[in-house]
Amino acid sequence: MNTIQDIEVASPQMEVIKSMEGFVEEQLPKLLLNVNESWQPSDFLPDITADNRIEQIMEFRKRAQCLSDDLLVILVGDMVTEEALPTYQTWLNRLNGVTDPTGASPNPWARWSRGWTAEENRHGDLLNKYLYLSGRVNMRSIETTIHHLINNGFDPKTENDPYLGFIYTSFQERATKISHRNVGVLAKKAGEDHLHKICGTIAGDEARHEKAYKLFMSKIFELDPARAVLAFAKMMKSKIVMPAVLMDDGKEKNLFKKFSLVAQKAGVYTASDYTEIIGTLVHEWNIAGLTGISGVSAKAQDYLCRLSERYQKLSERMNISGVEKFSWIYDREIVLAPIS
Ligand SMILES: [Fe+2]
Ligand SMILES: [Fe+2]
């Protein structure tokens with residue numbers, strides 16, 4: 001009988017990942033921040049050891065007064081998503097060949113996985129503290145949502161396959177970059193420049209992470225185009241599940257759906273963004289220009305090249321309306337008007 005180890009060694013994907021260790025080692029200094037020079041959440045928060053801490057906190061809260069309920073709900077949803085980081089690190093460590101066998105392994109893939117997690121950890125921290133200090137939201141309800149989300153987990157349908165995994169993360173990092181950036185733009189429009197700066201800083205991390213995952217995948221396309229293109233098509237067919245899809249505040253079972261409707265209505269993350277991301281990845285991995293592939297891989301190539309256009313038509317038909325309530329903001333109502 002095969003052991004798990006035998007199966008992993010036998011996987012061609014795993015062999016490719018192993019062969020990339022030197023490449024990852026070389027890239028790491030460009031892909032991760034120098035920790036001692038990196039930003040930290042406290043750079044953006046009131047100094048509670050300062051003599052004028054009360055004034056600093058009051059000023060902080062005053063600035064957050066101009067945020068609309070819609071924007072608060074989106075910010076909470078984004079923060080909850082970031083706070084389920086334990087789930088994402090566990091998932092990353094399950095991808096064949098990307099594992100961290102000891103927990104402190106010097107292997108370049110393990111160093112990437114820990115470095116990525118450490119950078120991401122600041123996102124949830126900062127947004128959580130921002131929302132707490134703003135005094136605008138029901139923190140207990142939000143904390144219950146995070147508790148449920150980590151408890152419920154998340155299955156992105158990547159089957160521990162590193163190709164599916166890196167396609168997923170390339171997509172997802174771009175999606176979070178778009179979402180944080182757009183929240184920042186809306187915050188600035190509302191008059192909250194400080195939140196604009198915070199969201200822009202987080203979006204900057206997401207952009208760097210997107211670049212890293214796209215780079216890993218570009219290398220895989222170079223080394224194993226036939227399987228890589230199949231994986232890309234498979235991931236797109238099963239659709240990109242958002243990491244916080246199982247969020248639950250203990251009251252509303254459709255919480256994620258409601259949150260995504262608000263985000264879509266505000267233009268923070270929309271069906272058009274989903275379409276744009278597909279188009280970008282197809283373009284950047286030069287799917288149309290892949291050569292030397294045949295059979296099912298050539299069919300997958302053809303499917304991918306037409307995909308963005310198909311989604312474009314679908315997203316044009318979407319319309320949103322209704323009224324939603326969220327425990328995160330003490331059940332105040334949000335009116336979802338149709339997008340004209
Ligand atoms: Fe993040
Ligand atoms: Fe991220």
> Pick from 143, 120: which is modelled with pLDDT of 95 or more, closer than 20 Å to residue 245 by Cα, of a type in the set (Asp, Glu) and within 16 Å of ligand 2 (Cβ to nearest atom)?
Replying inline: 120
>> Give me the residue from region 239-249 that is over 17 Å from residue 308 (Cβ atoms) and under 19 Å from the mean Cα position of the chain (by Cα) and, out of that set, most open to solvent (accessible area, probe 1.4 Å).
In response: 246
> Which is within 15 Å of ligand 2 (Cβ to nearest atom) and either modelled with pLDDT of 95 or more or not in a loop (DSSP other than H, G, I, E, B) (or both), of 178, 278, 220, 240?
Replying inline: 178
> Given 213, 163, which one is assigned to a helix (DSSP H, G or I), more than 14 Å from ligand 1 (Cβ to nearest atom) and open to solvent by less than 40 Å² (accessible area, probe 1.4 Å)?
Replying inline: 163
>> Tell me the residue from 113, 105, 141 that is part of a loop (DSSP other than H, G, I, E, B), more than 14 Å from ligand 1 (Cβ to nearest atom) and open to solvent by less than 30 Å² (accessible area, probe 1.4 Å), please.
In response: 105
> Got a sec? Which of 181, 140 is under 19 Å from the mean Cα position of the chain (by Cα) and of a type in the set (Lys, Arg)?
Replying inline: 181
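The values are calculated or read from the model by the stated rules, or taken from the named source; none is laboratory data. As the structure is a prediction and not an experimental result, all values here were calculated from the model. Cβ coordinates were reconstructed from backbone atoms using ideal geometry, including for glycine residues, and neighbour counts include every protein chain displayed. Surface areas here come from the heavy atoms of the whole protein model, side chains and all, with no ligands, DNA or RNA. Shrake-Rupley method; radii C 1.70, N 1.55, O 1.52, S 1.80 Å.
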